[in-house]
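**Q** Encoded as structure tokens, here's the structure I'll be asking about.
The values are calculated or read from the model by the stated rules, or taken from the named source; none is laboratory data. Treat the numbers as computed from the prediction; the structure is a model and nothing was measured. Remember, those area values only see protein heavy atoms, side chains included, never the ligands or the DNA or RNA. Shrake-Rupley method; radii C 1.70, N 1.55, O 1.52, S 1.80 Å.
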Amino acid sequence: AVAYRRLTSPEDRKLFVRRLYEETFTHRAELVKGAPPVPDGLKDFFNTFHAAFPDACATIDNMTADENRVEVHLTLSGTHTGEFHGIPPSGRRVITAATITHEFSKDGRIEKAVCKVDDGILREQLLD
């Protein structure tokens with residue numbers, strides 16, 4: 001698991017978010033012990049995507065950070081073997097872009113995460 005230390009700078013926060021995605025999303029590790037709690041919405045996103053795409057992989061394309069925010073631009077890919085938003089498993093391999101903005105509190109916790117996935121491209125790949 002990732003060692004957690006106080007997230008005092010934008011660079012610390014970027015490193016934490018990068019490692020969160022590498023270990024929790026791509027490698028399916030448990031959330032980092034001793035780390036700030038992750039909002040339920042972000043956990044729900046991970047769980048929903050993994051249920052539909054068990055081999056899901058997230059590639060970080062770009063990250064930006066300021067004093068209280070880290071924005072991550074990802075490429076998500078996986079094989080559709082579970083139901084996804086009412087769409088039955090198709091066995092198709094999909095790839096889509098996502099942007100997730102993480103807002104941090106002054107004490108270094110992720111207070112909010114907003115995820116934007118290109119649902120149109122994803123649905124097109126699943127239903128085509």
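**Q** If you roll a 1.4 Å probe over the heavy atoms of the protein chains, what accessible area per residue do you get for the stretch 62-128, in Å²? All intermediate terms of the calculation are to be shown ahead of the outcome.
**A** Values: 3730 Å² over 67 residues.
Per residue, the stretch 62-128 has an accessible area of 56 Å².
**Q** Sticking with this one: Over the stretch 48-114, what percent of the accessible surface lies on carbon and sulfur atoms, probe 1.4 Å?
**A** On the way: 1560 of 3250 Å².
Exposed carbon and sulfur together represent 48 percent of the surface.
**Q** Please list, short to long, the whole-number percent of alpha-carbon pairs of the stretch 42-128 in consecutive 10 angstrom bins beginning at zero.
**A** 17, 46, 26, 10, 1
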